[in-house]
Structure formats: structure tokens, C-alpha cells
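What follows is calculated from the coordinates using simple rules that are stated; it is not laboratory data. Predicted model only: the values in this text are computed from it and were never measured. Note: ideal-geometry Cβ built from the backbone for every residue, glycine included; neighbour counts use all protein chains shown.
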Amino acid sequence: MNNLNNFFDSPPFDYNISEKDLNLIESLRINLQHQYNNCLPFKRLLEKRKFNFSNDFNLEDIPYIPVTIFKDYQLKSVKEELIVRKLTSSATSSQNPSQIFIDKETRVNQMKSLVWILSSFLGKKKMPYLIMDIDPNLKKGDFELSARGAAIRGFLVGASKSSFCMNEQLEIDYEKFYSLIKDYEKSNEKFILFGYTYIMYLYVAMKMKEKGEKLNLSNCIVMHIGGWKKLYDQKVSKEKFNKILVDVFGVEKDNILDVYGFTEQLGTVYISKGNGMKEIPKISKVLVRDPYTLEILEDNQEGLLQFLNPIPYSYPGLSVLTDDLGFKCTINNKEYFEITGRAKNSEVRGCGDILSESM
Amino acid sequence: MSKKNEIKLLFFENKCLSESFEDAPSVSDFSSQYNSLKESHHKLANTNTDDILDFFDEISKKIIERDGVFQKKFSEDGINFLTYWFRKNFLKKALSESIRTDLRALDDYIQLDEKNLIAATPKGIITHWLSGNVPILGLLSLIQGLATKNINILKISKETGMLIPNFLHEIAKINVKKSSNRLIKGSDICKGIAVVYFDRDNTNAQEYFSKISNIRVAWGGMDAVESVMNTKKHYGTEDVIFGPKKSFAVIDKTQINEESKIDSLCQKLAYDIFQIDQRGCNSPHNIFIEKNSKLGSKFFAERLSIAMKSLANKISQQSYSSLESLNVLKKRTEYDMFYEAYYPDSLEWTVLYADNSSIEEACFNRTIFVKTFKNIDDILNQCNHLTQSIGVAMEEKNLIRFAKKAALRGVDRFPKIGTMTLYEVPWDGMYVMDRFVKWTKINN
């Protein structure tokens, strides 16, 4: 059993770091024991790295798995018949998507965690969601859209009702969009403008700006997910992004929520308000590793982000090293982090390197 | 002039034209430089080959001077790695092997047989498109272009910065006094060299340099070489392509029947792996060990890790990207989970062992996959036209049989382990200097 109610019973950001770390160590110890007994490759990894979870250890001592492993191997820690869902990542960074096998227990904890964290930003009352994307039912068979749709559906746990507001060409359905906004304003109902980061910026805010459309959505929270990968090339900073959204939607800057999460540790989301940093809930530890020495970096130093989280139970995803770069910082005994980019190849590369890509 | 259409002029008439790449002068029209290069060719074409070789020999001496300008400015860019190419003995031998006749044929018509005279004439203008990965390697084709008395235009990559122009600026200052008191001036030999840069989207410049070239030399990845190959050229212009290739090594069980032999081979292999941190297409990434050897292939992997550890203390690591770190970490994790892995806490080196014969993608940064094979056909199946070198430690009769079959599949070289990263003649299956000259015959 992976009982994590001790986390969910109190607010996600109500902690002090040392107490949080001790709680995490104990939960991760139980999970490590489970993984060791039920996932042979993970057992071998712990043994090779000479890590004994029965002894005293620090969080940074726990061996990590690069997330890309899940793209090549189907790693499971429960019997096949207990698997209730297979998660697939959107595979934007490689040809193979990650494959994550979820049992009921993991699923329940993921849902609990998501609601727990979201409600601390949005409140407990459910709100209507205006989804700035294409309804996946309109274009069945579109893999990318269906992956987006699956991620969006995951967030609708906090929605009183939801409506997709873009047409098949990824254009705003102004009639529907404005009519819904009018209704919510009329009833003074708070609502959420929700969608993928790049769609919200490129296909919604920028398109409205080009058309000279301006709104005054004082009663609205903008929540965007999916990350900044598609905006890196356009050098869109968070500040610029927020400024455009504030100008176009007329929302308060602090009502713009940037949500970060990843398939390999689904359910735990990291949310920032406005231009702020992402808060780290008590169920997760983020470590920043030097990409060259692999040592743990101090606050404000950029490195590869490692995430430790006791929720993954049906697969060995409790300690993963992502290909995201970022830095951490501690304020008032609370932990925050920010993403700065993705691990990338150096400009100067080998000819053989280029060959492996083209093959 | 928009940046897209500009041609940066970085080295011309024996001078590096700017301290920084960004501040280098730009031209939209290269024709005056082209005319000047053409005019200088007469002098170079009439320079005695022996004088050119003496000039290069002097460069090799200057390069190794401990407190000399070359060690100060270029030692970290791998210039020491190429010193032997400047040595007269080496270059003379390479030139002889390449043209396969008396070297005097490069200077004048020589007697071919009773009735015929023959001479090797420079083809004219060689444009070298250099890659960004190991820029110093581009000097290999420049040396060969100069030794065969051609005009050489180097199109460098942005990442290379001012390395090549600065290097040429220094060698152009070198003079050699012959025993007859005659002076060979570096400036005379280097006057026929220009270094330029233009953006990859500058199709006008790409086509211009392609059309003025008698030979196009392209170094780099598939995109880079295909971009050159797909640019229009004049009929008769020849392409010499040094594109992307991969290398590995093979050891048969007769070569590893004693611990001392294993240790010796491991030291040599580690040396091949550490050279330019596996950035060359001749660097090994996989080694295949024949099964059923006396001490076993896993033992070899263990001993190789010891050799790697020892060499890591002596040779510092070059920079690598965060994505490359992740690739190595992924492979370490994979091999810890399913096979065997040997590595230190840092990313200085990695030995990954699996008892199978499937070849792995290169991870670079001193990462070697130790694999096994039962039958040499397992290895042959891994060979194709993109296999550059197979480092070998095999019984001679086995080696020749294997090399014949592998060469048929497209492999270029079969160097001994420990010499894989030497650049030699022929290269990529070509006698390059022979490609740089035109043969003419007079019936006398």
C-alpha cells in the first residue's frame, strides 16, 4: 500500500523544509522497498549504485532514472492485471513517447494530488473552464490533438462545466467565446481560461492582438499547461507572455497560472502565479544537478532538474532526472524553482553526432 | 547589405582581417578577391614541391616549440594532433603514395616510359567547406590542397570563429632558408588562400563559390555535405566529400589470451577513445570481442575501465552539452539495469558491457560499448558505406579475409587498435591529393 494521506491531509505548501524532507524520506523508503521487490531492473540499479534504502540516507542519495528510459523500456512494478491505464507522453522531444503503466493506487494518488494542489490556487469551488483548443471529438485520429485532449481532460476535475472555444483550424470561435464570457460576467461567475501555453500565446492572445481585440476579464483566471518548448525558438519570455495576456484579456497578472508537470510523475503539478516562480509542494523534492559533474547545485544555479515523488508506485518513477534545465530557490523556508530551457546539444558537434540524428 | 547576403572576409593576402569574427569586413562581391587569388596562382604553381614540403616542415617545428606562438594560441584547439601532417617525411610519403609516381611530376613533365612524358597539374581552385566539430581537421584538406599547388578558399563555420584565420596568419609569416641561401617565403605560398564565411541561407554565395571551384571539398554532417553537393556546379568540377561516418573496433580471441595482452590493448583502445573525445568519424564507439576467449569479454570490459580511469587522469575532457550528459546517464542507467556498466561518479568516462552483438549509437564523451560476437559475420552485418574505420586486433589471416569482405560492404580503413584516430593516406577510401591534380601526358 502506498498510503500518502499524511501529505494530502494538510495544505500542499504548508511545510518547513526539514520536516518535509523527513516525511518524504520515509514515504520514499516505503516506495523504494516496493520497487526493489517488484521491479527487477530497478533492484539491479539500486544494487549497482550500492544504495540500501534500509540505511539512513538523504534525498540526493536516491538513484535517479533519466526520464528518457521510459521511452525505450516498459518498466512496471505491479502485476500486469493491476494495470488500469497506460500513459503516453506527447513525444515532442523524441520519436518514442514515454510509456507509463498506472495501477489503481497510483491513479488515485495522482488524482488526489492534482485536486489538492489545484484547489490551493483555484479554491475548492468548481468553476467553468473555457478551453482554448479544438474539441478532440472534431478531429478524431489526430494524434497530437488527442494527446492534448487527454492532458486537458485530466485538469477538468476542477471544472463545473467546460467548453472548447476554437474551431478545427485552431482559430478562435469568437461567437461562442464572447457569448460564454458574457454569460459568466452577467452571472458574476468566476471562470477559467484554460489551454496549452503555446496555443494561448500564438493562436489566442497574439491573434486577438493582431485583430485589435481587447477584453476586460477581471473575473477570470488564465491557466496554461504543456510547457514552453514551442515558444523557445521565438524567445518569448514569461514576462512578455504575461504582458501580452494582461493587455489582451485584461486579467490581473497574478491571475495567470503557469502549470508545469510531466507524464513520468503525473498528478503533481508545479504552478507559478504571474511572473513568480513555481512552488514545490510538500509531496515532491526538486534537486538541481550540474550537467557535467552531476553534483547538487546550490540555489539560483542552473542545472538539470531531478524530481523525487512517492506517488509513482506501479512503475519506478519515484526519482527521475528530466531533460529540463532550471534553478531552485528557497524563500521563507519554502522551495521554488523555475524552468530555463531544455538540455540541448552544443553548437559544436561531431559529424558522427549529426549522423545519428539523420539516421 | 543585409547579413543574409554578406560574405565575411576573414583571411586574405596573408592577413587575418579582424580580431573578432563579428567585426570582420564583409563584401557582397568576391570578384576582386577572386581575380587576385587567380593572379597569385602562377607563382604558387611554379613553386618547387620540395620547397613547399620544406615550408611545411618548418611549420611542424614551430608548432612544437614549447613557448612558441602556436602552442600559446592553438594547443587547446588540437593543433598538436595534426603536427605529423606538416612533417616533410610524412607529407612526402603521403604525396608519393597518392600520386603513385615520382614527386617531380608535380613540378614538371617527367619520363613515364620511353615514349611518354607525364605531369600532375593543379586543378585550380579548391573551395573547402569546413565543419564546426573539429575545425582543425579542415586543415588536412588545406595542406593537401597547398601541397598540390592549388588555390584554396576555406569557408568556415561560425562556431570556429577566428581560429583558422589566426592560424594561417601565423604560418604566412614563416620563412625557410634553404641550404643555397634561397628564401622560401610563407607569404608566397599562403597568398593563394582566402578564408570566408557566409550564412547557410546565403544561396547566392553558396552558388558563387561552387561555380568558381574546380574542386569542392565538404566536411561535416549529412546536412552540411548534402547542402554543398546539391548546389549547382560547373561540368568537370569534382567533389571530395568527408561526410558523417562511424567507427568501431574488433578483437578476436587469439589477441586476448593473456592478461598482459589485454592490458596493452585496453591502453591503446583507451587512447583511441580519448582522442578528441570521440568527435572524429574515426573514433571508436563500440568494440566487439570474440566470444569464448580465455579470460572472457567481461574481463576485457573491466580491464578497459581501469585503462580509461588511468588515462582520464592524464587527458582533460573537452566541453560537451547537457543533452550529451543525459544520453550518457541514460545509457549508464540502462546498462546498470540490464547489463553491466563501469564508470566514475563524474561523466569523465564510461564503459558499458553487454553480451550481444548489436551496435549502439554513439554517446561521445569517452563512452564505449563493449559487445561480443560469435561469428565474424555478426560484425560484417554491421558494416556499410557509412563505416569509416574498424580498429582491429586480429590474426593476420583472419584480418585479411575479414577486411576483404568488410571493404566490399563499404568500410574505408582497418587500422590497428591504438592508431584509429591517426589521419592517413588514403582517407575515406580516396587518395585525396591525386584528386586535386590533373594528369597530362605528352607523347614524345
Relative contact order (%) - the stretch A:59-142, alpha-carbon pairs under 8 angstrom, separation at least six: 23
Cα long-axis angle, helix A:174-186 against chain A (0 to 90 degrees, to the nearest 10): 90
Cβ neighbours within 10 Å from other chains - mean over B:326-332: 6
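How high is the relative contact order of the stretch B:56-177, given as a whole-number percent (alpha carbon pairs under 8 Å, six or more residues apart)?
22
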Rounded tilt (10° steps) of B:49-64 against the dominant C-alpha axis of chain B: 50
Degrees, to the nearest 10: B:259-274 long Cα axis against longest axis of chain B: 40
Sequence of A:201, A:232 once ranked by neighbouring C-beta atoms within 10 Å, starting from the fewest: A:232, A:201
Gyration tensor (Cα) of the stretch B:246-408, equivalent ellipsoid semi-axes in angstrom: 24, 17, 15
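Go through the stretch B:77-179 and name the GluC sites (Glu not before Pro) that are in a DSSP coil and have 16 or fewer other Cβ atoms within 10 Å of their Cβ.
On the way: sites: B:97, B:114, B:159, B:170; in loops: B:114.
For GluC sites (Glu not before Pro) across the stretch B:77-179 that sit outside H, G, I, E and B with at most 16 neighbouring Cβ atoms in 10 Å, the list reads B:114.
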Within a Gaussian network of chain A (alpha carbon springs, distance under 10 Å), most fluctuating of A:256, A:296, A:100: A:296
Fewest-first sequence of A:214, B:245 by Cβ atoms within 10 Å of each Cβ: A:214, B:245
Ranked B:420, B:394, criterion: other C-beta atoms within 10 Å, fewest first: B:394, B:420
Estimated dipole of the stretch B:246-408 in Debye, rounded to 20 [Cβ of Lys and Arg +1, of Asp and Glu -1, Cα centre]: 340
Straight-distance crosslink candidates among lysines, where the alpha carbon sits under 18 Å from residue B:149 and sequence neighbours closer than 8 are dropped: B:38, B:43, B:88, B:92, B:93, B:123, B:185, B:191, B:438
Percent of beta bridges antiparallel (DSSP, the protein assembly as shown, rounded to nearest 5): 50
CD proxy at 222 nm, helix term only [per DSSP H run n ≥ 4: -39500 (n - 2.57); per residue of chain A; nearest 500]: -9500 deg cm²/dmol
10 Å Cβ neighbours from other chains, averaged over peptide B:316-323: 6
